[in-house]
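Student: One structure coming up, written as structure tokens, with questions to follow.
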Amino acid sequence: KQGSTSKQLIEELRTGQYEMINEFLKNPLLVSLLFAAFDYKHTIPLKKHIFYRQVYDAYFDSHDLSKGDSFIHEKHSHLDIDDFERILRFVGFRCLRYQQIEFEKDVLLDIINEAKNFCPDLEFNSSDFFEDILSTVPLFCRDGQYYKWVHKSLQEYFAAQFIYKDSKKDQDAILSAMYNSENLDRYINLLDLYYDIDNWGFQKNII
């Protein structure tokens, strides 16, 4: 099955319709994410943020499709796919504020606790959510004593979604601060994602 999926993906990429994701093909991890997303839905999204949503859906529903694991794992936190994403959006944005993608366990748990306070209507245990993002929805991995996002662009995707969906009153200030930052290069990919997500908001604050 994996071989036939790979063949279909290669044939699809060779049609020339997907130049916008050529950059993904230069990074082995992003290629594996593309494979997981394609194996999940058998389509290649034409917009970056839809690609990342498809990757998230694939990980949430089927754990690790790139290894042929299609069993839906019970979530320790018992959150559904949308509520789980609400917490991830906050975590992604808070990690962006730290300007790093790897954290000690206690720091990451503190961030999850902040997310829990931000979403008081959701009931879950922070340590259970921590276990989920390492195992059942593996968007983080362990690297020695640190825990890090499997890819920085996933953190940027959730942070961009947080700005769009959860920061309405601060949205303009956040986007303007990024654009006017002395370290604009750190935010280029996030702003590119935001352009796809909220073109009107991007035009108002950046263009």
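The values are calculated or read from the model by the stated rules, or taken from the named source; none is laboratory data. Nothing here was measured: the structure is a model prediction, and the numbers come from that model. Note: ideal-geometry Cβ built from the backbone for every residue, glycine included; neighbour counts use all protein chains shown. Areas reflect the complete protein model, heavy atoms only, side chains present, ligands, DNA and RNA absent. Shrake-Rupley method; radii C 1.70, N 1.55, O 1.52, S 1.80 Å.
Student: With respect to TYR157, is the statement that it is on the phi < 0 side of the Ramachandran plot and open to solvent by 60 Å² or more (accessible area, probe 1.4 Å) true? Can you show your working first?
Tutor: Working: on the phi < 0 side of the Ramachandran plot: yes; open to solvent by 60 Å² or more (accessible area, probe 1.4 Å): no.
The answer is no for TYR157.
Student: Ok, one more. Which of the residues belonging to segment 191-207 are farther than 16 Å from PHE162 by Cα and either in contact (Cβ under 8 Å) with a residue 24 or more places away in the chain or buried (at least 18 other Cβ atoms within 10 Å of the Cβ) (or both)?
Tutor: Residues satisfying the conditions are LYS204, ASN205, ILE206.
Student: Which numbered condition in (1) at pLDDT 95 or above; (2) open to solvent by less than 70 Å² (accessible area, probe 1.4 Å) is the only one that PRO120 fails?
Tutor: (2)
Conditions tested, residue by residue: (1) open to solvent by 30 Å² or more (accessible area, probe 1.4 Å); (2) modelled with pLDDT of 90 or more.
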{"residue": "ASP39", "(1), (2)": "no, no"}
{"residue": "PRO45", "(1), (2)": "no, no"}
{"residue": "LYS48", "(1), (2)": "no, no"}
{"residue": "ASP83", "(1), (2)": "yes, yes"}
{"residue": "SER126", "(1), (2)": "no, yes"}
{"residue": "CYS141", "(1), (2)": "yes, yes"}
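Student: Okay, moving on. What are the pairs, 6+ residues apart or on separate chains, where a residue within segment 172-190 that is touching a residue at least 24 places away in the same chain (Cβ under 8 Å) has its Cβ under 9 Å from a residue that is among the β-branched types (Val, Ile, Thr) and outside any loop (DSSP other than H, G, I, E, B)?
Tutor: Listed pairs, sorted by first residue: LEU175/ILE163; LEU190/ILE163.
Student: If you go through segment 90-113 one residue at a time, do you hit one that is among the basic types (Lys, Arg), out of contact with any helix residue (DSSP H, G or I) (no Cβ under 7 Å at 6 or more places or on another chain) and within 26 Å of SER181 (Cβ to Cβ)?
Tutor: yes
Student: Could you please find all residues in segment 160-190 being over 16 Å from CYS95 (Cα atoms), within 16 Å of the chain's Cα centre (by Cα) and either open to solvent by less than 20 Å² (accessible area, probe 1.4 Å) or among the aromatic types (Phe, Trp, Tyr) (or both)?
Tutor: The answer is TYR164, and nothing else.
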